[in-house]
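**Student:** This is the structure I have questions about; it appears just below.
The values are calculated or read from the model by the stated rules, or taken from the named source; none is laboratory data. All figures in this text were calculated on a predicted structure; none of them were measured in a lab. FYI the Cβ positions are ideal-geometry reconstructions off the backbone, even for glycines, and counts take in every protein chain you see. The area values use the complete protein model at the heavy-atom level, side chains included, leaving out ligands, DNA and RNA. Shrake-Rupley method; radii C 1.70, N 1.55, O 1.52, S 1.80 Å.
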Amino acid sequence: MANLPIAHGGHHVLSKEPAVIDNFRRMKVLIAPDKFKGSLTASNAAKAMARGVRRAVATAQIDECPIADGGEGTVDALISATQGERIQTYVSQPHPPFRRTVMATWGVLGGGMNVVVIEMAAASGLVLVPAAERDPTKTSTYGTGELILAAAERGAKKIIVGIGGSATNDGGCGAAQALGVRFVTHAGSAITLPITGGMLCDIAGIDTSQVARCIREMEIIVACDVRNPLTGLDGASAIYGSQKGATPDQVVALDRGLTHLAMLWRKELGKEVEAMPGAGAAGGLGGGLVAFLGARLQSGAELILTAVHFRERVRGCDLCLTGEGTLDEQSFSGKACTAVAQAAQEADVRTIALVGSMNITADQARHAGLSEVYVIGKGLTVEQSMRRAPELVEQAAYHVTMQWLSTSRR
């Protein structure tokens, strides 16, 4: 099969045509999408793609392998891969008034190894803050710390923290407070309210002596989906602040706060974290978990691919399908689609991505390992595409499978 061009799908109506290539051969397809944010979970996207493939080849051997990269869907992917247990815990919401709570789902992985997985997005995510109230100077990761504490109290020996999709820019200080870290002001008084992104320059001292032994001894793996440093032009505030509701002046102030915090980490904790790739993930939570708790940063997508045994499952496949809502420049920094494509390429298996929108060139997509990108819902509004996402993804999977078969027979 030759390299395919970038394709744009129209808004097709699903027809009831029979499977056309029933006996072509026992085609083997691995389906490994991430979520289509706001419209499809990774699991539902995989099911829609599988339906489309089966419309083209009823006898196809299909392996559904929903994935994630540290953002929403990380808990589901790891729990499904290990036959683990889902748990729900009430935690503080990420925006004032912090006394209100949200129900956060987390999980214990199967296998009896006392390994827990949480998503900070479930406790401190942007989706939890009404659009009109989004302001990272006023949000806190305190609820994420409460989830880590719940895991420790359950006896977890290792915790995987997915940190995509945050509403915060507090350097993980709120989470640290929930775990027993004490912060003091320049006047020497303790800071008792959950620390927010706008409060970082008020901090003059950090005391970690009251962190419980069970937390200090727990292995913490941070699943990152970006490689941004903590501060500067590529840092947490400059790159992601506006997405969380920050004005240009607030972005500058937030970056100043994180710079101040990094200085305190060096002075008070002896930790040099500021330039570390991934330290700026989730408004500095990545760096904060390293500085406060000795966590280790890891590519979220790679962690998931390993957990679901992706490389073993893709070996011998004829085709791999992946997908997500948007394919853009950020997709090259450890996001799920490109991680899937590169791992499949190692096994000499071609990967086609089905996406809601694409903001990169065809050459960039191929360089990332994708032989084709199919943009669904061309001619539809974003709202229409999201509403019809299951239908459009199914139709796209049918189309690219038929195209693959046609090209393969030449």
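Yes/no per residue for (1) touching a Gly at 6+ places or on another chain (Cβ under 7 Å); (2) of a type outside the set (Phe, Trp, Tyr); (3) at pLDDT below 95; (4) crowded, with 24+ Cβ neighbours inside 10 Å:
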| position | (1), (2), (3), (4) |
| --- | --- |
| ALA50 | no, yes, no, no |
| ILE62 | no, yes, no, no |
| ASP76 | no, yes, yes, no |
| SER80 | no, yes, yes, no |
| THR89 | no, yes, no, no |
| PRO96 | no, yes, no, no |
| TRP106 | no, no, no, yes |
| GLY111 | no, yes, yes, no |
| VAL115 | no, yes, yes, no |
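**Student:** If you take the residues in region 192-207 that are β-branched (Val, Ile, Thr) and in contact with a Lys or Arg (Cβ under 8 Å, 6 or more places away or on another chain), which one is farthest from ARG100 (Cα to Cα)? Before you say what the answer is, go through the steps one by one.
**Tutor:** Taking region 192-207 first, the residues β-branched (Val, Ile, Thr) are 192, 195-196, 203, 206.
Among the residues that remain, those that are also in contact with a Lys or Arg (Cβ under 8 Å, 6 or more places away or on another chain) are: 196, 206.
Working: THR196: 16, ILE206: 26 Å.
Among those that are β-branched (Val, Ile, Thr) and in contact with a Lys or Arg (Cβ under 8 Å, 6 or more places away or on another chain), it is ILE206.
**Student:** Would you call ALA32 open to solvent by less than 20 Å² (accessible area, probe 1.4 Å), within 19 Å of THR401 (Cα to Cα) and modelled with pLDDT of 90 or more?
**Tutor:** Values: open to solvent by less than 20 Å² (accessible area, probe 1.4 Å): yes; within 19 Å of THR401 (Cα to Cα): yes; modelled with pLDDT of 90 or more: yes.
It is true that ALA32 is open to solvent by less than 20 Å² (accessible area, probe 1.4 Å), within 19 Å of THR401 (Cα to Cα) and modelled with pLDDT of 90 or more.
**Student:** Let me ask something additional. Within the group THR137, THR144, which residue is open to solvent by 20 Å² or more (accessible area, probe 1.4 Å), touching a residue at least 24 places away in the same chain (Cβ under 8 Å) and either in a loop (DSSP other than H, G, I, E, B) or closer than 13 Å to GLY283 by Cβ (or both)? Can you show your working first?
**Tutor:** Details: THR144 fails: open to solvent by 20 Å² or more (accessible area, probe 1.4 Å).
Result: THR137 is the single residue among THR137, THR144 that is open to solvent by 20 Å² or more (accessible area, probe 1.4 Å), touching a residue at least 24 places away in the same chain (Cβ under 8 Å) and either in a loop (DSSP other than H, G, I, E, B) or closer than 13 Å to GLY283 by Cβ (or both).
A quick yes/no check of all residues on (1) touching a Pro at 6+ places or on another chain (Cβ under 6 Å); (2) open to solvent by less than 10 Å² (accessible area, probe 1.4 Å); (3) at positive phi; (4) in a loop (DSSP other than H, G, I, E, B):
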site: GLY164; (1), (2), (3), (4): no, yes, no, yes
site: GLY180; (1), (2), (3), (4): no, no, yes, yes
site: ALA187; (1), (2), (3), (4): no, no, no, yes
site: ILE195; (1), (2), (3), (4): no, yes, no, yes
site: ALA204; (1), (2), (3), (4): no, no, no, no
site: SER209; (1), (2), (3), (4): no, no, no, yes
site: CYS214; (1), (2), (3), (4): no, no, no, no
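**Student:** Could you check MET358 against (1) under 17 Å from ALA32 (Cα atoms); (2) open to solvent by 10 Å² or more (accessible area, probe 1.4 Å) and say which number it fails?
**Tutor:** (1)
**Student:** Any chance you could count how many residues in region 218-264 are in contact (Cβ under 8 Å) with a residue 40 or more places away in the chain, among the charged types (D, E, K, R) and either open to solvent by 60 Å² or more (accessible area, probe 1.4 Å) or in a helix (DSSP H, G or I) (or both)?
**Tutor:** 5
**Student:** For region 265-274, what are the residues that are part of a loop (DSSP other than H, G, I, E, B) and either open to solvent by 10 Å² or more (accessible area, probe 1.4 Å) or under 16 Å from PHE183 (Cβ atoms) (or both)? I'd like the intermediate steps shown before the answer.
**Tutor:** Narrowing region 265-274 to residues part of a loop (DSSP other than H, G, I, E, B): 270-274.
Once the filter is applied, which keeps residues that are part of a loop (DSSP other than H, G, I, E, B) and either open to solvent by 10 Å² or more (accessible area, probe 1.4 Å) or under 16 Å from PHE183 (Cβ atoms) (or both), region 265-274 yields GLY270, LYS271, GLU272, GLU274.
**Student:** On to the next question. Return the only residue of ALA339, ALA365, ALA397, ALA344 being farther than 23 Å from SER43 by Cβ, open to solvent by less than 30 Å² (accessible area, probe 1.4 Å) and part of a helix (DSSP H, G or I).
**Tutor:** Values: ALA339 fails: farther than 23 Å from SER43 by Cβ; ALA397 fails: farther than 23 Å from SER43 by Cβ; ALA344 fails: farther than 23 Å from SER43 by Cβ.
After ruling out the rest, the residue left standing is ALA365.
**Student:** Return the residues of region 369-390 that are of a type outside the set (Phe, Trp, Tyr), part of a strand (DSSP E or B) and open to solvent by less than 60 Å² (accessible area, probe 1.4 Å); say none if nothing qualifies. It would help to see each step written out before you state the result.
**Tutor:** Within region 369-390, the first condition is being of a type outside the set (Phe, Trp, Tyr), and the residues that meet it are 369-373, 375-390.
Going one step further and asking which of them are part of a strand (DSSP E or B), we end up with 370-373, 375-378.
Within region 369-390, LEU370, SER371, GLU372, VAL373, VAL375, ILE376, GLY377 meet the criteria.
**Student:** Something else now. Residue check: is GLY283 farther than 22 Å from PRO33 by Cα and either in contact with an Asp or Glu (Cβ under 6 Å, 6 or more places away or on another chain) or not hydrophobic (A, V, I, L, M, F, W, C) (or both)? Walk me through how you get there before you give the answer.
**Tutor:** Details: farther than 22 Å from PRO33 by Cα: yes; either in contact with an Asp or Glu (Cβ under 6 Å, 6 or more places away or on another chain) or not hydrophobic (A, V, I, L, M, F, W, C) (or both): yes.
Yes, satisfied.
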